[in-house]
Amino acid sequence: MTVFHTVWESCQQRDSFLQPMWDYLRINHSGMLRSPLFPVILTVASYFVLCLPFLACDIMGEKWPAIYWYKIQPGKMPTPAMLLHCSGVTLYNHLLLVLPAAAAQWMWRPPIPLPEQAPTLLELAVGVVGNLLLFDFQYFVWHLLHHRVPWLYRTFHKVHHKNTATFALTTEYSGAWETLSLGFFAAVNPMLLGAHPMTEMLFHILNMWLSVEDHCGYDFPWSTSRLIPFGIYGGPSKHDVHHRKPNTNFAPHFSHWDKLFGTHADFSFVKTH
């Protein structure tokens with residue numbers, strides 16, 4: 001009990017590590033932090049950086065047998081043409097759609113106030129998890145509707161299911177409506193929850209990492225789904241099932257909504273290495 005209270009009190013205190021970091025950002029980069037373009041640039045830059053390790057795995061393929069063994073669908077490696085095409089679609093959507101939409105926020109969104117205090121570790125953790133859970137619910141409802149309503153699937157979501165064997169760069173391979181609507185959820189949620197700018201930045205990066213990992217096509221022992229106990233997180237194997245059995249596993253991260261609505265499916269693919 002004493003250890004618990006000590007940890008709890010330390011989490012509630014203003015953290016000596018976060019405060020200098022926040023002071024540096026707030027004093028030296030306040031214009032960047034206040035810009036509505038910053039979350040978009042941060043997300044896109046994070047996306048391509050986070051894809052790099054999995055891209056290396058895809059390029060090396062069977063030349064890295066210790067890594068290739070964890071490929072969920074061995075033998076279905078993306079070609080260079082597929083990698084370039086997915087990258088091009090992502091850049092097109094964000095440069096010609098998302099960035100102009102973010103710039104339009106100047107018309108209605110007031111300047112973002114920058115608090116002097118950094119969040120505590122507890123506030124940071126609660127804020128990030130809260131944003132992830134809210135996004136997970138929104139995406140689940142959006143995703144379920146776009147599979148259950150044939151017109152929505154044919155018109156908007158079908159393009160994302162072009163690849164039944166996912167790889168990291170398919171994460172953002174989608175049409176204009178899907179890119180804008182899901183980007184809207186991710187952008188608005190921190191405002192709805194009153195998140196600290198540091199919390200918002202970490203949420204965007206972590207949300208992108210989890211999305212890339214879900215689509216990476218590899219089920220490593222260190223995957224997030226294997227580190228989080230009790231099966232509450234889906235991960236790449238569960239999302240791979242969704243791309244092969246599209247009426248299952250609609251939630252992007254967690255598994256509770258799929259279990260509640262009877263759309264949850266376990267990973268049943270047997271490797272043939």
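The values are calculated or read from the model by the stated rules, or taken from the named source; none is laboratory data. Remember, predicted model here, so these are calculated numbers, not experimental data. So basically every Cβ, Gly included, is an ideal-geometry build from the backbone, and we count neighbours across all protein chains shown.
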Problem set entry | Selection from segment 68-94 of residues that are among the hydrophobic types (A, V, I, L, M, F, W, C), surrounded by 17 or more Cβ atoms within 10 Å (Cβ to Cβ) and over 20 Å from the mean Cα position of the chain (by Cα) | 77, 82
Problem set entry | Per-region count, segment 167-177, residues buried (at least 20 other Cβ atoms within 10 Å of the Cβ) and closer than 16 Å to residue 91 by Cβ | 7
Exercise. Can you name every residue in segment 49-66 that is among the hydrophobic types (A, V, I, L, M, F, W, C), surrounded by fewer than 17 Cβ atoms within 10 Å (Cβ to Cβ) and assigned to a helix (DSSP H, G or I)?
Worked result: 49, 52, 56, 59, 60, 66
Problem set entry | The lone exception for residue 44 - which of (1) modelled with pLDDT of 90 or more; (2) in a helix (DSSP H, G or I) it fails | (1)
For this session: Specify the residue that is surrounded by the fewest Cβ atoms within 10 Å (Cβ to Cβ); the eligible residues are those in segment 29-40 that are in a helix (DSSP H, G or I) and in contact (Cβ under 8 Å) with a residue 24 or more places away in the chain.
Result: 30
Problem set entry | Boolean, residue 100 is more than 30 Å from residue 263 (Cα to Cα) and in contact with a His (Cβ under 7 Å, 6 or more places away or on another chain) | no
